[in-house]
């Protein structure tokens, strides 16, 4: 059983300190990973001057125990804790003086599923969101309106963990809720953050900074 709710115990901030940043990114790592690995995979190659990247940590490296396609109840209460941790990280960014329109939410793999599910269940005013090889947990239904939210959804046709069709359904659901979605499928045998993913996040971050 995954550990209890201590989601921010190992949170790190890369780049600029939050009070001095021009734009902030909250980035959620994948299953079995940690903030330091995501810092090397995303925050460092992102290379945006003036950006702060907040990297929360899942307890035990896992946001929830099952698969994203499982019935949502099978991943409770861990999924709700993960959503709370993600929302709390965004709230900490706002409390540091960074407005929502200059904040981007990003996630990879299981972290992308958490980010997508947060948008689907709770919505957020943000400058953008990047769902990197992920999908909404459970039914791909989006309850709140996401009018105009810039979103990028990426996935490989050959990814071993996230089905391309599920990533596409997530993109469609976010679009139906009013988000401005770009769906970027690719052909890649590796489960990874690809250079094109970094480029897509950079574009969102630069747009939020403006």
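Would you kindly state how much longer the chain becomes between residue 139 and residue 73 on full extension, computed as 0.36 nm times their sequence separation minus their alpha carbon distance, in nm to one decimal?
Between residue 139 and residue 73, full extension yields an extra 22.6 nm.
Under the definition of Cα pairs under 8 Å and six or more residues apart, what whole-number percent is the relative contact order of the chain?
After rounding, I find 21 percent.
Based only on other Cβ atoms within 10 Å, what is the fewest-to-most ordering of 161, 78, 63? Provide the component values of the computation, followed by the final result.
Working: 161 16, 78 21, 63 31.
Fewest-to-most ranking of 161, 78, 63: 161, 78, 63.
Using a Gaussian network model of the chain whose springs link C-alpha atoms within less than 10 Å, name the residue from 22, 196, 57 with the highest mean-square fluctuation.
The residue with the greatest mean-square fluctuation here is 196.
When 38, 204 are ordered from fewest to most other Cβ atoms inside 10 Å of their Cβ, what list results?
Fewest-to-most ranking of 38, 204: 204, 38.
Hey, what number do you get for the chain at 222 nm if only DSSP H runs of n ≥ 4 count, each worth -39500 (n - 2.57), divided across all residues, to the nearest 500? Display every interim value, and only then the final one.
Values: 5 runs with 62 residues, N = 210.
After summing the helix terms and dividing by the residues of the chain, the value is -9000 deg cm²/dmol.
Coordinate-derived values only; no laboratory data. Everything numeric here is computed off the predicted structure, so don't read it as measured data. Cβ: placed from backbone, ideal geometry, glycine included. Neighbour counts: every protein chain shown.
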